[in-house]
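Enquirer: Right, I'll just put the structure down here and ask away after.
The values are calculated or read from the model by the stated rules, or taken from the named source; none is laboratory data. Since the structure is predicted, the reported quantities are computational estimates derived from the model, not experimental observations. When we count neighbours, we look across all protein chains shown, and the Cβ atoms used for this are built from the backbone with ideal geometry, even at glycine. For the accessible areas, the whole protein counts, side chains as well, though only heavy atoms, and no ligand, DNA or RNA atoms are used. Shrake-Rupley method; radii C 1.70, N 1.55, O 1.52, S 1.80 Å.
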Amino acid sequence: MIVLAALLVLLAFGVRLALFRYETADYTAFYRRWYDFVVDQGGIGALKYEFSDLNAPYRYFMVLLPHLPVPSPLAGIKAFSVLFDLVTAFFVYRIVALKYPSHWIAAAAAFIVFMLPTVVINSAMWAQGDAIYTAFSLGAVYFLLRKRPWWACVFFGLALAFKLQAIFLFPLLLVMVLLGRVPWRALVAIPAVYLVLDVPALLAGASPAKLLTVYLNQTSIYPQLTLSAPNIWQFFRGEHGMEAMKTAAVLLTALLIFTLCLLVVLSRVELTDTRILVFAHVLHPEHLLREGGRRTGRLPHPRGAGARCPGPAGPVRRLGLPPAGWSPAAGDSA
């Protein structure tokens, strides 16, 4: 059994390594440019510029990347994401082990998640970092189940610091607060973690205003209500005047979320571990009429089939990079 488990693990990593040479449009248009800019600025000096549309913690990784023992920037970026595939699987193991004492059941659940096609493709093929905020989000859920609310809020803050999509966990956290499972004061840990992670960039000379509005700026890059996301806004594609519907879409989503949260609280149902996980799934905004077109890190489908893939110049212009950071070969091509 142990030999078979070891073989499965080796094959799991083999699948990922086989995809490491694949380059996406995202890597060419964004990640590689970020890496080149960091090298041109001598490393940590790049932090004072808004060279990436991702938040400060991921920029720190980009600054460290030239110093890591990896064969290429592409391999380093993918390895970083795969590392968090492992962290995701670890927290799946810990969550399942809370209900099933058998280590094999928990290990099987972790392995299934580790080998989900969406997980493998996102990190090893697309070089995306969604596993990072997902791992920290699962960590938050795990600590909620363990009745350790402060650690849950710390992990939620870590997830939110890497990607705004972590806000999808907020409905569960809200329910836990309203039911007294999480004290209100524990919520302070969320902005505290977020702000502490901004400190290195601030010390390097980054603009506080730009750091605190990075997610707000992300929402303006793509104006569509949805990009390949399977929600009701697909029925409105091509319609005129969609700009006016954005606020209504956000408010409608918020209304549905808070209504469901209120129903859960008023039901006075006993919150077992299983029900907490079910609530987290049902209350997830992706299952509601969410406004999916606000771009927050190239989700829901990072350059997936049918997704709009702009040329390198458009988003780069919005980042306000200093012209001295780019070589002629990597210059604006639009």
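Each row is one residue, and each column tells you yes or no for (1) under 16 Å from PHE168 (Cβ atoms); (2) assigned to a loop (DSSP other than H, G, I, E, B); (3) modelled with pLDDT under 90.
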{"site": "GLN234", "(1), (2), (3)": "no, no, yes"}
{"site": "GLU243", "(1), (2), (3)": "no, no, yes"}
{"site": "THR253", "(1), (2), (3)": "yes, no, yes"}
{"site": "ILE257", "(1), (2), (3)": "yes, no, yes"}
{"site": "VAL265", "(1), (2), (3)": "no, no, yes"}
{"site": "GLY292", "(1), (2), (3)": "yes, yes, yes"}
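Enquirer: Please state which of the following conditions ASP53 fails to meet, knowing it meets all the rest: (1) at pLDDT below 95; (2) surrounded by fewer than 16 Cβ atoms within 10 Å (Cβ to Cβ).
Expert: (2)
Enquirer: I would also like to ask the following. Mind checking which residues of region 94-137 are of a type in the set (Gly, Ala, Ser) and either more than 14 Å from the chain's Cα centre (by Cα) or in a helix (DSSP H, G or I) (or both)? Walk me through how you get there before you give the answer.
Expert: Taking region 94-137 first, the residues of a type in the set (Gly, Ala, Ser) are 97, 102, 106-110, 123-124, 127, 129, 131, 135, 137.
Selection gives ALA97, SER102, ALA106, ALA107, ALA108, ALA109, ALA110, SER123, ALA124, ALA131, ALA135, SER137.
Enquirer: Is there any pair with a first residue in region 123-151 that is within 18 Å of LEU277 (Cα to Cα) and touching a residue at least 24 places away in the same chain (Cβ under 8 Å) and a second that is among the basic types (Lys, Arg) and buried (at least 21 other Cβ atoms within 10 Å of the Cβ) whose Cβ atoms are under 9 Å apart and which are 6 or more apart or on different chains, and what are they?
Expert: Short answer, once both residue conditions are applied: TYR133/LYS163; THR134/LYS163.
Enquirer: Would you confirm whether any residue within region 68-83 is among the β-branched types (Val, Ile, Thr), under 26 Å from LEU138 (Cα atoms) and part of a helix (DSSP H, G or I)? Break it down into steps so the answer makes sense when it comes.
Expert: Applying the first criterion (among the β-branched types (Val, Ile, Thr)) to region 68-83 yields 70, 77, 82.
Okay, now just the ones that are also under 26 Å from LEU138 (Cα atoms), so 77, 82.
Those still in the list that are part of a helix (DSSP H, G or I) too: 77, 82.
Yes, that holds for at least one residue.
Residue-by-condition table, conditions (1) basic (Lys, Arg); (2) under 19 Å from VAL87 (Cβ atoms); (3) open to solvent by 50 Å² or more (accessible area, probe 1.4 Å):
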position: TYR142; (1), (2), (3): no, yes, no
position: GLN165; (1), (2), (3): no, yes, no
position: PHE170; (1), (2), (3): no, no, yes
position: MET176; (1), (2), (3): no, no, no
position: ALA186; (1), (2), (3): no, no, no
position: VAL196; (1), (2), (3): no, no, yes
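Enquirer: I'd like to know if region 4-23 contains one or more residues that are assigned to a helix (DSSP H, G or I), β-branched (Val, Ile, Thr) and surrounded by 15 or more Cβ atoms within 10 Å (Cβ to Cβ).
Expert: Filtering region 4-23 down to residues assigned to a helix (DSSP H, G or I) leaves 4-19.
The next check asks that each one be β-branched (Val, Ile, Thr); those that pass are 9, 15.
From what's left, surrounded by 15 or more Cβ atoms within 10 Å (Cβ to Cβ): none.
So far as region 4-23 goes, no, none of its residues is assigned to a helix (DSSP H, G or I), β-branched (Val, Ile, Thr) and surrounded by 15 or more Cβ atoms within 10 Å (Cβ to Cβ).
Enquirer: Same structure again: Can you tell which of ILE132, ILE112 is in contact with a Ser or Thr (Cβ under 8 Å, 6 or more places away or on another chain), β-branched (Val, Ile, Thr) and either within 27 Å of LEU195 (Cα to Cα) or modelled with pLDDT of 95 or more (or both)? I'd like the intermediate steps shown before the answer.
Expert: Numbers: ILE112 fails: in contact with a Ser or Thr (Cβ under 8 Å, 6 or more places away or on another chain).
Going through ILE132, ILE112 in turn, the sole match is ILE132.
Enquirer: Also, quick follow-up: Could you check, for region 1-16, whether at least one of its residues is in contact with a helix residue (DSSP H, G or I) (Cβ under 8 Å, 6 or more places away or on another chain) and under 18 Å from VAL214 (Cβ atoms)?
Expert: There is no residue in region 1-16 that is in contact with a helix residue (DSSP H, G or I) (Cβ under 8 Å, 6 or more places away or on another chain) and under 18 Å from VAL214 (Cβ atoms).
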